[in-house]
Amino acid sequence: MAFDSRKLDRTEHTLFLAIEGEVHDGHQYLGDCYRKGIRTFLVSRSVHPGDYPEAHFIRVNHALEALQTLATAKRARLKVPIWAITGSNGKTIVKEWLFQLLQKDRQIGRSPKSYNSQLGVPLSLWSLPDTMELGIIEAGISRAGEMERLADMIRPNWGLLTNIGQAHDAGFSSRKGKLLEKMKLFTSCKTIFYGSDQPLVKAAIQEHFADRECLSWGYDTEADLQIMAVQYKAPQTTIKAVYQGESLTMHLPLSDEASFKNACLCWLVMIRLGYSHAEIQDRVANLEAIGMRLEMREAIQGCTLINDAYNNDLTGLTIALHFLRAQTTQEHKTLILSDIPQSDQKPQELYRDVARLLSPNNITRLIGIGQSIEWIKQYIPEETQAHFYPDTQSFLAHFPFSSLQNEAILLKGARAFTFERIATRLAKQNHSTQLEINLNALAHNVRVYQEKLPKGTKLMAMVKAAGYGSGALEVASLLDFCQVDYLGVAYVDEGVTLRKSGIDRPIMVLNVSPNSFDALIRHKLEPEIYSLNQLRQLISHLRYYPEQRVSIHLKIETGMHRLGFVETEISTLLDLLRQSSQVQVASAFSHLAASETATEDAYTHRQAQIFLEQHQRLVKGLNRIQIPRHLVNSSGIIRFPEYHFEMVRLGIGLYGIDGSQEVQSNLETVFRFKTTISQIKEVRAGDTVGYSRMGRVQENGRIATIAVGYADGLARRLGNGQGSVWIRGQRAPIIGNVCMDMCMVDVGHIRSVHPGDEVEIFGSNISVQEFAEHMGTIPYEVFTSISARVPRVYVQE
């Protein structure tokens with residue numbers, strides 16, 4: 001089954017689901033799917049069979065509901081136990097760890113990646129193999145009323161609750177309301193596992209499931225698995241607990257609080273299944289960190305590296321290949337792939353399926369590592385270069401790395417092959433400070449705003465200033481993937497870069513000068529025109545291109561007093577436009593000066609009135625029925641829905657910043673500015689730290705030198721306690737003056753801190769709004785002032 005026309009592989013055996021969502025409608029892509037080979041469609045609208053002479057259509061009332069009905073029927077046929085996992089965080093980790101812990105003893109089917117939504121759950125159930133002995137399914141919801149449908153489909157025998165946190169709070173009346181909605185998943189469960197340290201959770205479980213077997217872990221004295229002590233000491237965590245009067249000690253090969261909590265839930269399940277403590281410890285010792293995300297970064301010799309080197313299965317490979325195709329523009333694409341372990345298929349069948357994924361995803365070179373992957377030789381296309389190595393060490397020792405030039409490289413390997421060594425070899429050597437851009441969060445934020453727009457209103461996404469410091473090409477590629485209607489850039493050369501990278505979506509350019517007209521015309525870019533002189537120059541230049549027409553966007557001055565046509569210029573503007581057949585007005589727009597400021601709303605409404613008056617003059621003067629309008633920016637989208645008109649412009653909101661608290665709580669953090677600890681020193685009371693001896697130590701303690709300074713974007717004014725960073729779950733104030741390439745922070749109060757530990761400068765723990773406030777500026781300036789020497793790393797969950 002497929003629901004995305006951009007992610008089609010084995011089309012001859014695929015049913016396309018034309019799903020109608022809040023933003024996109026699958027019926028719009030029937031033609032694309034047909035051209036790519038799809039011949040069977042599930043639709044909820046009338047189609048013209050003559051347009052698809054070889055196709056079959058199944059007509060239903062609602063495609064998603066039909067899929068859910070199919071999944072419900074599939075579940076009814078399964079006579080094996082199904083476990084369901086829900087909670088605010090950790091669902092995928094717990095699912096994958098249970099798979100690792102139990103796969104030795106039973107055949108397990110499970111949700112791929114984080115498929116836990118109204119669409120993901122039925123796809124997960126549909127994909128469960130008939131040969132499995134146990135199924136493990138994730139279930140996630142973002143608003144009230146969603147869990148009942150998931151519960152009807154899954155009908156689990158056992159239920160696991162990871163935790164209840166703030167994620168998706170905005171979709172529910174209260175935190176308790178969200179918990180009660182999630183607990184609807186457990187209606188059919190005979191056994192429920194949960195953490196008892198959250199009083200809200202404990203009380204709700206005891207109230208609603210008193211007649212079930214409910215097992216808990218936690219520090220709570222009533223917990224079945226009572227935690228007595230936890231010690232984090234990299235690279236492991238030691239947990240002391242008591243179960244039914246027996247003292248137990250567990251060594252977890254990871255050292256963070258989230259892993260500890262997820263492991264305790266798995267530990268409790270293993271105890272309930274009857275495993276001995278020695279057997280549980282033996283298996284827990286081999287737990288692997290779960291690769292929850294793809295990372296894209298610069299690599300050697302002009303290459304781009306996508307690192308997914310933590311697990312390997314057919315579903316994960318398909319997702320990674322789609323990411324490779326969507327987010328990279330290099331013509332040559334190399335896949336470095338290990339053996340795929342723990343597959344139910346015979347090797348010849350498995351690697352035949354892998355080979356079928358190569359051509360649709362434009363793989364030009366395959367590097368196979370392992371003993372069984374050579375089965376693929378007989379199936380890969382002749383034009384695909386292929387190299388095979390028995391193990392990772394042999395690859396590192398013998399592969400000619402100089403042959404990798406200006407190409408995209410996908411690294412996809414099972415954990416046992418230690419592909420992180422390959423990632424280290426391929427990575428471009430930069431210092432450890434990075435700006436991490438979460439593409440999932442960016443796409444989520446686009447959807448938040450799209451859902452606020454009336455049907456038919458277009459969305460222009462602004463990627464000027466190199467995507468607010470995030471990298472214009474990478475962000476534009478994702479926005480193109482998200483089907484935004486327009487892109488906005490600051491300069492022509494930015495638009496040219498996007499065109500050369502294969503982005504053909506309409507692009508508006510804000511700043512256009514005569515010396516860029518040639519490039520603008522050749523690459524079909526659409527300029528903002530804000531003055532009579534600028535328009536005259538463009539019309540004059542078009543005489544060199546008599547067959548070309550240029551779409552323009554007219555900027556109207558309404559009170560910003562920056563750029564735009566004033567009222568007295570409109571008559572002359574109309575005369576010029578009527579005289580030129582080569583210039584076509586694509587839109588008229590203006591810019592609100594204070595859309596985010598409630599005390600200036602009267603001024604905003606006055607601006608809108610001026611804009612509407614001048615727009616009407618343009619419509620009448622050009623004898624047009626309508627000229628598309630756009631007036632509001634990110635904050636205006638929320639505060640002034642009456643001015644959405646035909647299009648809106650979204651800028652800083654893409655990156656999770658909005659002045660409206662209602663929307664801010666729904667947005668996700670996109671940027672995470674981070675570095676590492678270089679060294680830790682013991683200091684005594686009276687010592688000074690840094691230049692000019694400005695950092696004076698008040699008592700004995702420790703300071704950590706971190707690898708970020710004002711040349712990276714950490715302003716000097718944040719020194720001497722004005723700013724702080726986040727290390728191991730706690731704030732560490734900056735001590736002394738910020739240096740060019742580093743600064744020092746006080747870590748005397750933080751236990752178990754080591755060189756190499758990660759340091760968050762701003763992100764999910766210290767918001768960019770707070771960071772900007774301490775700098776005395778705004779998030780826009782923070783984002784755009786991060787130095788170009790700081791590598792951008794793109795991640796996707």
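The values are calculated or read from the model by the stated rules, or taken from the named source; none is laboratory data. Just so it is clear, the model here is predicted, and its values are computed rather than measured. Backbone-built Cβ (ideal geometry, glycine too); neighbour counts: all protein chains shown. Please note that ligands, DNA and RNA were not included when accessible areas were found on the heavy atoms of the full protein model with its side chains. Shrake-Rupley method; radii C 1.70, N 1.55, O 1.52, S 1.80 Å.
Couple of notes before you dig in:
- You will find that of 151, 84, the residue that is among the small types (Gly, Ala, Ser), in contact with a Pro (Cβ under 7 Å, 6 or more places away or on another chain), modelled with pLDDT of 95 or more and under 23 Å from residue 1 (Cβ atoms) is 84 and no other.
- Note on the stretch 34-53: residues that are under 18 Å from residue 14 (Cα atoms), touching a helix residue (DSSP H, G or I) at 6+ places or on another chain (Cβ under 6 Å) and touching a residue at least 24 places away in the same chain (Cβ under 8 Å) amount to 5.
- Sole residue being of a type in the set (Ser, Thr, Tyr) and more than 22 Å from residue 644 (Cβ to Cβ), chosen from 604, 597, 572: 572
- Taken together, the residues in the stretch 114-134 that are under 29 Å from residue 257 (Cβ atoms) and crowded, with 23+ Cβ neighbours inside 10 Å amount to 2.
- Residue 729, sole failed condition from (1) under 26 Å from the mean Cα position of the chain (by Cα); (2) modelled with pLDDT of 90 or more: (2)
- Of all residues in the stretch 569-587 being open to solvent by less than 50 Å² (accessible area, probe 1.4 Å) and touching a strand residue (DSSP E or B) at 6+ places or on another chain (Cβ under 7 Å), the one that is farthest from residue 506 (Cα to Cα): 573
- A single member of 763, 736 is touching a Lys or Arg at 6+ places or on another chain (Cβ under 6 Å) and at positive phi, and it is 763.
- Pair list, Cβ < 9 Å and 6+ apart or interchain, from the stretch 769-797 residues that are more than 30 Å from residue 309 (Cβ to Cβ) to residues that are exposed (fewer than 15 other Cβ atoms within 10 Å of the Cβ) and among the hydrophobic types (A, V, I, L, M, F, W, C): 769/778; 772/778
- Sole exception among (1) at pLDDT 85 or above; (2) outside any helix (DSSP H, G or I); (3) of a type outside the set (D, E, K, R) for residue 351, by number: (2)
- Filter result for residue 520 (open to solvent by less than 10 Å² (accessible area, probe 1.4 Å), farther than 26 Å from residue 459 by Cβ, out of contact with any Leu (no Cβ under 7 Å at 6 or more places or on another chain) and aliphatic (A, V, I, L, M)): no
- Output for the stretch 54-65, where each listed residue is part of a helix (DSSP H, G or I) and without any contact (Cβ under 8 Å) to a residue 40 or more places away in the chain: 65
Conditions tested, residue by residue: (1) open to solvent by 40 Å² or more (accessible area, probe 1.4 Å); (2) more than 30 Å from residue 747 (Cα to Cα); (3) in contact with a strand residue (DSSP E or B) (Cβ under 9 Å, 6 or more places away or on another chain); (4) free of Cβ contacts under 8 Å to residues at least 40 places away in the same chain.
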position	(1), (2), (3), (4)
600	yes, yes, no, yes
615	no, yes, yes, no
628	yes, yes, yes, no
633	no, yes, yes, no
640	no, yes, no, no
649	no, yes, yes, no
659	yes, yes, no, no
678	yes, no, yes, no
701	no, no, yes, no
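- Of residues in the stretch 298-326 being touching a Phe, Trp or Tyr at 6+ places or on another chain (Cβ under 7 Å) and surrounded by 21 or more Cβ atoms within 10 Å (Cβ to Cβ), the one modelled with the highest pLDDT: 306
- Conditions (1) open to solvent by 20 Å² or more (accessible area, probe 1.4 Å); (2) more than 27 Å from the chain's Cα centre (by Cα); number of the one not met by residue 264: (1)
- Residue ID - surrounded by the fewest Cβ atoms within 10 Å (Cβ to Cβ), chosen from residues in the stretch 135-154 that are touching a helix residue (DSSP H, G or I) at 6+ places or on another chain (Cβ under 6 Å) and farther than 22 Å from residue 97 by Cα: 143
- Matching residues in the stretch 202-247 - criterion: being in a strand (DSSP E or B) and open to solvent by 60 Å² or more (accessible area, probe 1.4 Å): 213, 228, 231, 232, 233, 236, 240, 246, 247
- Each residue in the stretch 248-261 was checked for being in contact with a strand residue (DSSP E or B) (Cβ under 6 Å, 6 or more places away or on another chain) and surrounded by 13 or more Cβ atoms within 10 Å (Cβ to Cβ), and 6 pass.
- Residue in the stretch 766-779 that is within 16 Å of residue 676 (Cβ to Cβ), in contact with a Phe, Trp or Tyr (Cβ under 8 Å, 6 or more places away or on another chain) and surrounded by fewer than 17 Cβ atoms within 10 Å (Cβ to Cβ) present: no
- In the set (1) open to solvent by 70 Å² or more (accessible area, probe 1.4 Å); (2) in contact (Cβ under 8 Å) with a residue 40 or more places away in the chain; (3) over 30 Å from the mean Cα position of the chain (by Cα), residue 81 fails one condition alone, (1).
- The stretch 578-604 - residue that is within 35 Å of the chain's Cα centre (by Cα) and in a loop (DSSP other than H, G, I, E, B) and, of those, nearest to residue 565 (Cα to Cα): 590
- Test: residue in the stretch 9-19 that is under 22 Å from residue 357 (Cβ atoms), open to solvent by 70 Å² or more (accessible area, probe 1.4 Å), part of a loop (DSSP other than H, G, I, E, B) and touching a residue at least 12 places away in the same chain (Cβ under 8 Å): yes
- Verdict on residue 724 being touching a Pro at 6+ places or on another chain (Cβ under 6 Å), modelled with pLDDT of 90 or more, small (Gly, Ala, Ser) and open to solvent by 20 Å² or more (accessible area, probe 1.4 Å): yes
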